[in-house]
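K.L.:
I have a structure I would like to understand better, so I am pasting it below and will then ask my questions one at a time.
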Amino acid sequence: MPLTDCSANSDVRRKEFRLAGRQGRRSPDAPRVGAGPSPGCLRIVEGDLVAAPLSSERPNDPADPSPLRTAAGVASLSLAFALYAVAAVPRLTNNLVGDSEFTGWTGPVAERFFTGETPYRDFVLPIPPGAFVVLWLAQRLMGERLLTELVVGAVCHLGMAWLAYAICRPWASRATSLAVAAASLATVVQLYKECAYDHTAQLLVWGAACAGSWGLTSAAGPRRTRCWVVAGALAMLTLGFKQSTGVGAVAGWVGGLALAWVLAAVARRPSAQRLVLADARHFGAGLVLGALGVGLLLLITGSSFPGFLQSAFGDGAELKGGTGRLLQNLVGYLFQFETWPASLGFTAIAAWVLHRIIRRDPRLRLGATRPAARGPLVLVGALGCAFFVAAALALGSNVELRPAWLTWAERMKYVPSFGLLVLGLLLAWRLVRSESGEDEGDVDARPRALVVLGVATLACSLLHNLSSPNYRPFYDNNPIIPVSFLLLLLALEHAALPRLVPAVLVLALGVLFGNKLSYHLEATDPVTEGHWAGLRVGERGRAVVEAARRARELAGDDTVLVLPEDVALARLVGSPRPPIRGAIVFVDQYPRRLLRADLEALERQPPKVVIVHPAKPELWRSMFAIWSTQSAAAELNLRFIEHWLPARYRLDSVHPTRFARTRAELQIWVRND
C-alpha cells in the first residue's frame, strides 16, 4: 500500500505518513477545525511503527473492542459492585464522630425540610440545600433511616465509576477506560467519609469533568459547545450542594481554560487561542444555567435567599478558621506535603519509565496517541469483577484479615498518586516546549488538553479539601482520582509497558481489603428498630445503641442535646432537640452570630438530657483545632460542661467508646428536676 508524507516537520527521528487506503480516507464533511493529521497516519518513532490518531475527533479503531463488549464489561463491573454493596452497605463502620469519620449527617437535617420551617432562617447551617433535597426524596422511597443515606452514597459511587469511564474514553482505549473505572470505584468505596452532601456534590463535579474532557477533545462545533455548557452548568450547580466543592469546580475549570489560553499564546497559536475563548464563553453560559439551578433549589425548599447567602458564603470562611488559615493550608498543600511516595525505589522506577517514554517519543506527546493493539478488555473486566465479588464473599464468610495484609492494603492507596507525578512532569514539559517554540500546534493540541484536564481536576481537589491542614487528594472522592489513574496508565502504555496495566489495576483494587473491610467484618449484630434499623453493628455500635436507648428513656417527651453535636447520634436517640437556631452545634457548622441567642434559649428551656462525647474536652478540642481553636461551638460546649452540668444536672451513666483510636467515654447527664 503506498504511503504519502503527511508530517508538518519531517526529520530523521520522526516521520508521519498517510495511508492511501481505506483507513486513511476521511469523510468530506468531517470537521477539521483544530484537527491534526489524518486518523490514518502512521508514525515511525525510533524504528517503531505505531498508529497515531492525532485529530481531536477519536476515530473508530478496528482493534478496539466493540461497544457491545464494552457495555458487557461495564455491566459486569456494576453487577459485581452491586453484590459487594448488598453485603457491605448495611454494615456500619462509623458509629460516632471520631470513631472513623462523619457518617449519616445529611439525612436527619433533610427531615427538617418541607415541614413548614424556613431553612437558613428558622434553622441555620452553612450547607446548601441540594443534598438535603436528594435525601428527602430518597427517604420517601426507603424511609427516614441511616440505611437510606448509605444507599444513596453507594449509588453515587457507582455513578462515579461510569463517569470515570466516560472521562477517560476520549483519551484511552475501552480497556484502559474500564481499568480506570474499576480502580476509581475501588478507591471511592474504601473512603471513610459517608456523608451524602459530599457524595452528591462530588458526583456533579465528576460530571463536569466528564463534560470538560469531551469538550477538550471535540472539534469546534455543536458537540464541543454542548460539552462546555454542560460543564459550566454542573460546576455551578455544585454550589447548591457543597460550596467548597462548587468553588473548586468553577475555579478549576476557569484556571484550566486560562492555562489552555496561555499555552496557546506562548506557542503563538492564534486559532487555538480563539477556540479557548469560545470555550470560555460557552462555559460561562453554563455557569448562568447552573446559577439558575441553585436558585430553583432554594425556591422549591422555601429557603431564605438572604439567609442562604449569609450562611453558605458569609459564614463559610470564618467557620473554617478564616481566609488566612485557608490560604495557609493551600500553600502547605503545594510546598509542604508529598504528592507521591518519593522513596529511592519508586523514584528509580519512575525515572526508568520516563526514560522509556522519552526514548520512544522525545517530544513527550502523552495523550496524542493510543495503542493500536487491542486492549485486554476481558482481563480488565474479570479483574474488576473478581475483586468486588471476593470482597463480598469475604463479608459473607466473616474471614479474619491479617494485620500485615491490612498494612499493605493501606499502602496501595498511594497508587493513583503516581498519576500526579506524571501530571507535574507534563505541565512542566508543555510550558517549556511552548516557550521554546517547539510546540507543533495541532499535533500538540491533545497533549496540551490533557494537561488542562489534569490541572482543572487537581484544583477541584485542592479547594474541596482546603479546610483541612493536611493535603489528602485521594482521601475524598475528588475527580482527580480517575484522571490520576488515566495519566498513570497512559504513561505505562506510552513507555511500551502495556502488561503493567493489569498489574497496576490489581494494586489499585487491593485497597478493597483494607481497614474499611476490617471494620465491616466487625459489624455482625443486626439492629431491628430506630434510625439504625436494617444495619449491622459491632461491639462499639452496640454500646452506642444502648446509650441512645437509655437517653431516650430518661428524656421521655422532653428534649435531648448532644455535645459536641453528632447529628447521627442525636437522630438515633430520636428525642426532640432544644429550640435553638443552630442546626448543628459543631465547629465548622455553627456560626458565632447565633451563639448569644441560642445560649439564652437554652437558659430558658434547658434540655432534659445532655449527652457528652467524648467526655474529655481535650479530645474533642483536638478535633475542633483542625478547623478553628476559637469556635462558637466550643464556647457553647464549655458553657454546659464547666457551668451548667455540675450545677443543674446529675451524671446518669457512662458508656465506653473510642475517639480517634483512643479509649473514650460517652456520658449521659439528666437535669435535676
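The values are calculated or read from the model by the stated rules, or taken from the named source; none is laboratory data. Note that the coordinates shown come from a computational prediction; the quantities given were computed from them, not determined experimentally. Reconstructed Cβ throughout: ideal geometry from the backbone, glycine too, with neighbour counts over all protein chains shown. Each accessible area value is taken on the protein alone, full model and side chains, heavy atoms only, with ligands, DNA and RNA left out. Shrake-Rupley method; radii C 1.70, N 1.55, O 1.52, S 1.80 Å.
K.L.:
Please turn the phi angles of segment 517-532 into ³J(HN,Hα) values with the Karplus equation 6.51 cos²θ - 1.76 cosθ + 1.60 (θ = phi - 60°), one per residue in order, whole Hz, x for glycine and proline.
P.N.:
Coupling constants for segment 517-532: 5, 4, 5, 4, 5, 6, 8, 10, 8, x, 10, 10, 9, x, 5, 9 Hz.
K.L.:
For segment 444-485, what is the accessible area per residue in Å² when the probe is 1.4 Å?
P.N.:
Averaged over the residues of segment 444-485, the accessible area is 17 Å².
K.L.:
If I stretch the segment between Arg596 and Ile300 completely, what's the gain in nm (0.36 nm per residue apart, minus their alpha carbon distance), one decimal?
P.N.:
Details: separation 296, 0.36 × 296 = 106.56 nm, distance 3.08 nm.
Gain on extension, Arg596 to Ile300, equals 103.5 nm.
K.L.:
Straight-line reach from Lys242: which lysines have a Cα under 30 Å away, not including same-chain ones fewer than 8 places off?
P.N.:
Lys193, Lys320, Lys413, Lys516
K.L.:
Follow-up. List the residues, sorted by chain then number, that are 5 or more residues from Arg91 or on another chain and whose placed amide H is less than 5 Å from its amide H.
P.N.:
Arg536
K.L.:
About the Cα centre of the chain, what is the dipole size in debye to 20, counting +1 per Lys and Arg Cβ and -1 per Asp and Glu Cβ, all else neutral?
P.N.:
1580 debye
K.L.:
May I pose another question? Considering the options Ala632, Ile611, Val152, tell which one lies farthest towards the positive end of the dipole of the chain, charges being +1 on Lys and Arg and -1 on Asp and Glu at the Cβ, about the Cα centre.
P.N.:
It is Val152, whose Cα lies furthest towards the positive end.
K.L.:
Sticking with this one: Going by the alpha-carbon gyration tensor, a ≥ b ≥ c the square roots of its eigenvalues, is segment 588-673 rounded (a/c under 1.5) or, if a/c is not under 1.5, prolate (a/b greater than b/c) versus oblate?
P.N.:
It comes out oblate by the Cα gyration axes.
K.L.:
Could you rank the peptides 468-478, 495-505 by their average count of other C-beta atoms within 10 Å per residue, with the highest value first?
P.N.:
Top to bottom by mean Cβ count within 10 Å: 468-478, 495-505.
K.L.:
Sort segment 257-412 into rounded, prolate or oblate with this rule: let a ≥ b ≥ c be the square roots of the eigenvalues of the Cα gyration tensor; rounded if a/c is under 1.5, and if a/c is not under 1.5, prolate when a/b is larger than b/c, oblate otherwise. Each step should come with its number before you reach the end.
P.N.:
On the way: a/c = 1.70, a/b = 1.19, b/c = 1.42.
Here segment 257-412 falls in the oblate category.
K.L.:
Taking the highest mean first, how do the peptides 483-493, 301-311 order by number of other beta carbon atoms within 10 angstrom per residue?
P.N.:
Working: 483-493: 27.2, 301-311: 17.8.
So the peptides 483-493, 301-311, ranked by packing, come out 483-493, 301-311.
K.L.:
Okay, next question. Could you run the Karplus curve 6.51 cos²θ - 1.76 cosθ + 1.60 with θ = phi - 60° over segment 541-556 and give me ³J(HN,Hα) per residue in whole Hz, x for Gly and Pro?
P.N.:
x, 4, 4, 5, 4, 5, 5, 5, 5, 5, 4, 5, 5, 5, 6, x
K.L.:
Using 0.36 nm times the number of residues separating Thr118 and Arg650, minus their current alpha carbon distance, what extension gain do you get? Numbers along the way, then the final one.
P.N.:
Working: separation 532, 0.36 × 532 = 191.52 nm, distance 3.55 nm.
Roughly 188.0 nm would be gained on extension.
K.L.:
Would you mind telling me the share, in percent, of accessible area of segment 590-667 contributed by carbon and sulfur at probe 1.4 angstrom? Provide the component values of the computation, followed by the final result.
P.N.:
Details: 1900 of 3960 Å².
Solvent-exposed carbon and sulfur of segment 590-667 make up 48 percent of the total.
K.L.:
Something else: Once fully extended, how much extra length lies between Ser468 and Val378, figured as 0.36 nm per residue of separation less the alpha-carbon to alpha-carbon distance?
P.N.:
28.3 nm
K.L.:
Using the per-residue mean of other Cβ atoms lying within 10 Å as a proxy for protection, in what order, highest first, do the peptides 411-420, 140-149, 240-249 fall?
P.N.:
Sorting 411-420, 140-149, 240-249 by mean packing, highest first, produces 240-249, 411-420, 140-149.
K.L.:
Among residues other than Ala647 whose Cβ falls under 13 Å from its Cβ, what is the net charge (Lys/Arg +1, Asp/Glu -1)?
P.N.:
+2
K.L.:
Only one of the listed values, [x] 33.0; [y] 29.8; [z] 34.9, was derived from the coordinates as mean projected area of the Cα convex hull in nm²; which label is it?
P.N.:
Calculated mean projected area of the Cα convex hull in nm²: the matching label is [y].
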